[in-house]
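What follows is a set of notes on a single structure, which appears directly below.
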Amino acid sequence: MSPIMCKVGCGFFGTEKFDSFCSKCFKARCPEKFQEIASDSASVTPRNKALTRIVNSPGAQEDEPLHDL
Ligand SMILES: [Zn+2]
């Protein structure tokens, strides 16, 4: 992966996530979308955890007793 320079040429590195803009220019360009992306990546962990939990439970035996080890 080679670093992308910001589309605007401000000297900062751009990010694919920000459509090849740096976070600063992207924020200046469309602050609403920036907020969306920023808050999205911030809440990824809990959301993924919930998802993993659902995927990981094979049946209804989510609360299997630990005595069996
Ligand atoms: Zn920039």
Practice task
Between beta-carbons, use under 14 Å as the cut-off and find the net charge around PRO3, counting Lys and Arg +1, Asp and Glu -1.
Solution key: +1
Exercise for the section: Subtracting the Cα-Cα distance from 0.36 nm times the residue separation, let me have the gained length for PHE12 to CYS30 in nm, one decimal. Expected result: 4.8 nm
Practice task
Just grab the label-to-label distance for ILE4 and ASP40, each label 7 Å out from Cα along the Cβ direction, in nm (one decimal).
Solution key: 1.4
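Bear in mind these aren't lab numbers, they're just calculated from the coordinates by the rules spelled out. A quick note: this is a predicted structure, and the numbers were derived from the prediction, not measured. Neighbour counts run over all protein chains shown; Cβ positions are idealised from the backbone, glycine included.
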